[in-house]
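The values are calculated or read from the model by the stated rules, or taken from the named source; none is laboratory data. Please read these numbers as outputs of a predicted model, since none were measured by experiment. Cβ sites come from the backbone with ideal geometry, for glycine too, and all protein chains shown count toward neighbours.
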Amino acid sequence: MAQVDNPVPRGNFAGFRAHFGKDFLSGFLVFLIALPLCLAISIASGVPPIAGVFTAVIGSIVTTLISNSELTIKGPAAGLIVIVMGCVSEFGEITGDSSIGGPAYRMMLAVGIISGIIQICFGLFRLGILGEFFPSSVVHGMLAAIGIIIISKQVHTALGVMLVTDSEGHKISEPLELLAQIPHSLMLMNPEIAVIGVVSLVILFGLPLIKNKYVKRMPSQLIVILLAIPLGIAFDLSNEHTDSILGHEYPMGEKFLVNVPNSLLSAITFPDFNALRYPAAWKWIAMFALIGSLESLLSAKAIDLLDPWKRKTNLNRDMFAVGLANTIAAGIGGIPMISEIVRSKANIDNGARTRFAHFWHGVFLVSFVALLPGLIHRIPLAALAAMLVYTGFRLASPREFVHIYHIGREQFIIFVITVVGVLATDLLIGVFIGIGVKFVIHFINGVPMKSFFKPFLEVEEQDDKTCIIRASESAVFSNWIPFKRQIEDVGLTHRRNIIVDLSGTKLVDHSVMEKLHELQEDFQQEGLKLEIIGLESHQQLSHHENSSRRRGIESKQTEV
């Protein structure tokens with residue numbers, strides 16, 4: 001991690017000059033990771049590979065100029081693949097043309113523009129705090145489901161099976177059906193393409209296990225590309241031919257390579273606003289705006305916690321910047337962007353000081369794609385699919401399931417039901433199913449209906465420097481936003497220490513416990529203190545420090 005300088009680096013003109021070397025180097029190193037991921041995410045989303053590059057470049061320019069988020073990298077993210085792919089697929093069914101870069105793609109761009117405008121409004125009306133509403137178990141369940149969906153689709157490509165069909169020859173697109181078809185694809189795999197995919201997976205999963213500090217600094221995505229391109233050349237993928245292996249014929253050719261245009265200008269694609277005539281468009285607009293905003297806000301907050309200088313992102317300003325960048329990117333052919341965790345973490349580890357590292361990563365992206373499209377065309381699709389399988393596994397890691405179980409069995413129930421809900425329906429419905437289950441569990445645990453959305457708070461001045469906020473009824477995810485605003489207004493705005501007394505609550509849920517601890521760090525950074533008291537009469541629903549607390553139960557392991 002970067003060494004802390006004094007004074008705190010700032011992304012202004014003076015900061016641009018003072019930290020040019022470190023930001024320029026970090027921008028270059030992040031570019032090495034970003035390029036293959038931009039291509040992979042675009043291809044997995046069912047759009048031209050160049051779309052993700054447009055997104056990252058526009059994001060690097062617009063958000064650098066507007067947002068005050070110093071270390072986040074904006075760009076296409078694996079978490080949005082499912083939404084973009086679903087949107088393109090549905091418009092493909094409506095138009096009868098599912099070709100890459102066809103009318104369905106242009107209709108998706110119109111959805112992207114409207115959702116970008118909605119995100120701009122989120123920022124203007126200071127709605128960045130909406131990210132605080134969604135309970136943690138539901139968000140993690142949504143991300144785990146996205147990971148499973150990504151794996152279900154990309155593992156076949158990594159094996160060289162470009163089209164998955166059932167016994168009657170119909171294309172399969174549902175994630176659970178695709179997972180069930182993996183054994184069949186293993187039997188039908190193209191051996192040479194599978195070699196590229198498997199070698200890529202071995203590198204991606206194996207490299208992080210090597211403890212050598214020099215090896216750890218090597219971007220695994222870059223190593224994959226450096227090995228996959230020679231393998232593609234060795235298998236002569238640039239030329240259409242058939243290879244015979246153990247008596248079976250396997251077609252080889254350019255369909256297994258990334259297809260990019262020779263000119264960036266020729267790749268610019270404009271949206272088709274006829275899409276807005278269809279009711280389906282508005283469903284996808286809601287998904288793009290809500291899910292994209294939620295992921296971006298959560299990522300920006302996570303990166304703030306990793307910032308060596310503890311700088312805080314203005315989430316409303318950042319949301320405005322992301323919305324404007326999304327609107328512009330969709331206007332020329334880009335897919336949605338968010339604050340992306342993997343590239344942002346790499347940015348920190350590479351020593352970035354200000355948001356100009358983000359700008360330089362975009363400069364390197366556009367320069368490389370414009371000057372060396374032939375080299376990008378040499379990248380095998382199986383290598384990019386392997387990167388997404390790895391990303392999907394990290395989102396849906398077994399460790400995530402174990403971690404949620406340790407927080408509490410009620411959290412695990414919500415998590416699993418959200419995962420199943422997303423897989424069985426879609427992202428938006430699955431998320432609302434998870435939230436609905438959380439409400440039911442809270443009701444069973446004795447939360448009064450009147451306090452689901454309204455916190456009952458009393459503010460008492462202890463002295464000139466300290467106030468006590470006494471909560472009654474409940475402190476749960478759905479009434480957290482006004483609860484937080486009260487704490488921030490009395491404490492951070494008026495520069496007072498706060499004591500939060502929870503003794504009068506019937507239930508304090510996991511999301512509130514987690515967010516109260518985050519607020520403690522915010523107070524500490526401002527030289528203030530936030531103390532939590534009154535939980536002595538509450539029992540935890542698990543041994544985890546952020547587990548839900550319920551008053552007056554007999555056992556810590558009480559069932560829901």
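Values as computed for the structure displayed
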item: Residue 250 being in contact (Cβ under 8 Å) with a residue 40 or more places away in the chain and more than 27 Å from the chain's Cα centre (by Cα); result: yes
item: So residue 282, is it assigned by TED's automatic domain parsing to the domain that holds residue 190 and not in a helix (DSSP H, G or I); result: no
item: Unique residue being within 17 Å of residue 264 (Cα to Cα), in contact with a Ser or Thr (Cβ under 7 Å, 6 or more places away or on another chain) and either at pLDDT 95 or above or not assigned by TED's automatic domain parsing to the domain that holds residue 299 (or both) when the list is 56, 51; result: 51
item: Residue 196, sole failed condition from (1) in a loop (DSSP other than H, G, I, E, B); (2) modelled with pLDDT of 95 or more; result: (1)
item: Residue that is surrounded by the most Cβ atoms within 10 Å (Cβ to Cβ) [pool: residues in segment 93-105 that are under 11 Å from residue 275 (Cα atoms) and of a type outside the set (A, V, I, L, M)]; result: 105
item: Condition met for residue 60 (free of Cβ contacts under 8 Å to residues at least 60 places away in the same chain, in contact with a Gly (Cβ under 6 Å, 6 or more places away or on another chain) and among the hydroxyl-bearing types (Ser, Thr, Tyr)); result: no
item: Residue within segment 159-176 that is surrounded by fewer than 16 Cβ atoms within 10 Å (Cβ to Cβ) and part of a helix (DSSP H, G or I) present; result: yes
item: Condition check for residue 108: in contact with a Ser or Thr (Cβ under 8 Å, 6 or more places away or on another chain), crowded, with 22+ Cβ neighbours inside 10 Å and modelled with pLDDT of 95 or more; result: no
item: Of residues in segment 45-60 being closer than 15 Å to residue 322 by Cβ and touching a Leu at 6+ places or on another chain (Cβ under 7 Å), the one surrounded by the most Cβ atoms within 10 Å (Cβ to Cβ); result: 56
item: Selection count where residues are more than 19 Å from the chain's Cα centre (by Cα) and of a type outside the set (Lys, Arg), scope segment 5-48; result: 24
item: Count of residues meeting criterion [hydroxyl-bearing (Ser, Thr, Tyr), under 14 Å from residue 44 (Cα atoms) and at pLDDT below 95] in segment 155-183; result: 1
item: Subset of segment 55-80 that is in a helix (DSSP H, G or I) and of a type in the set (Ser, Thr, Tyr) - its residue that is nearest to residue 419 (Cα to Cα); result: 55
item: Test set (1) of a type in the set (A, V, I, L, M, F, W, C); (2) surrounded by 24 or more Cβ atoms within 10 Å (Cβ to Cβ); (3) within 18 Å of residue 36 (Cα to Cα) - residue 352 fails condition number; result: (3)
item: Meets criteria (more than 26 Å from residue 199 (Cα to Cα) and not charged (D, E, K, R)) for residue 391; result: no
item: Selection within segment 133-142 - buried (at least 21 other Cβ atoms within 10 Å of the Cβ) and either part of a helix (DSSP H, G or I) or among the aliphatic types (A, V, I, L, M) (or both); result: 136, 137, 138, 140, 141, 142
item: Hits in segment 163-176 - residues which are touching a residue at least 24 places away in the same chain (Cβ under 8 Å) and either under 16 Å from residue 89 (Cα atoms) or among the β-branched types (Val, Ile, Thr) (or both); result: 173, 175
item: Test: residue in segment 213-236 that is touching an Asp or Glu at 6+ places or on another chain (Cβ under 6 Å) and in contact (Cβ under 8 Å) with a residue 12 or more places away in the chain; result: yes
item: From the options 414, 433, residue that is touching a residue at least 40 places away in the same chain (Cβ under 8 Å) and buried (at least 18 other Cβ atoms within 10 Å of the Cβ); result: 414
item: Contacts under 6 angstrom Cβ, first residue in segment 502-526 being in contact (Cβ under 8 Å) with a residue 60 or more places away in the chain, partner assigned to a strand (DSSP E or B), 6 or more apart; result: 506/474; 506/551; 507/474; 507/550
item: Residue satisfying all of: in segment 190-212; in contact (Cβ under 8 Å) with a residue 24 or more places away in the chain and farther than 27 Å from residue 84 by Cα; surrounded by the fewest Cβ atoms within 10 Å (Cβ to Cβ) among these; result: 191
item: Options 485, 470: the member that is touching a Ser or Thr at 6+ places or on another chain (Cβ under 9 Å) and either surrounded by fewer than 20 Cβ atoms within 10 Å (Cβ to Cβ) or assigned by TED's automatic domain parsing to the domain that holds residue 520 (or both); result: 470
item: Residue under evaluation residue 231, criteria (1) touching a strand residue (DSSP E or B) at 6+ places or on another chain (Cβ under 9 Å); (2) at pLDDT 95 or above; (3) closer than 30 Å to residue 83 by Cβ, criterion not met; result: (3)
item: Residue within segment 295-312 that is closer than 20 Å to residue 139 by Cβ and in contact with a Phe, Trp or Tyr (Cβ under 7 Å, 6 or more places away or on another chain) present; result: no
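This table checks each residue for (1) assigned by TED's automatic domain parsing to the domain that holds residue 213; (2) in a helix (DSSP H, G or I); (3) closer than 30 Å to residue 195 by Cβ.
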residue	(1), (2), (3)
291	yes, yes, no
300	yes, yes, no
308	yes, no, no
321	yes, yes, no
330	yes, yes, no
346	yes, yes, yes
357	yes, yes, no
366	yes, yes, no
370	yes, yes, no
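Per-residue answers, yes or no, for (1) closer than 30 Å to residue 314 by Cβ; (2) outside the structural domain of residue 302 (by TED's automatic domain parsing); (3) at pLDDT 95 or above:
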residue: 479; (1), (2), (3): yes, yes, yes
residue: 525; (1), (2), (3): yes, yes, no
residue: 529; (1), (2), (3): yes, yes, yes
residue: 541; (1), (2), (3): no, yes, no
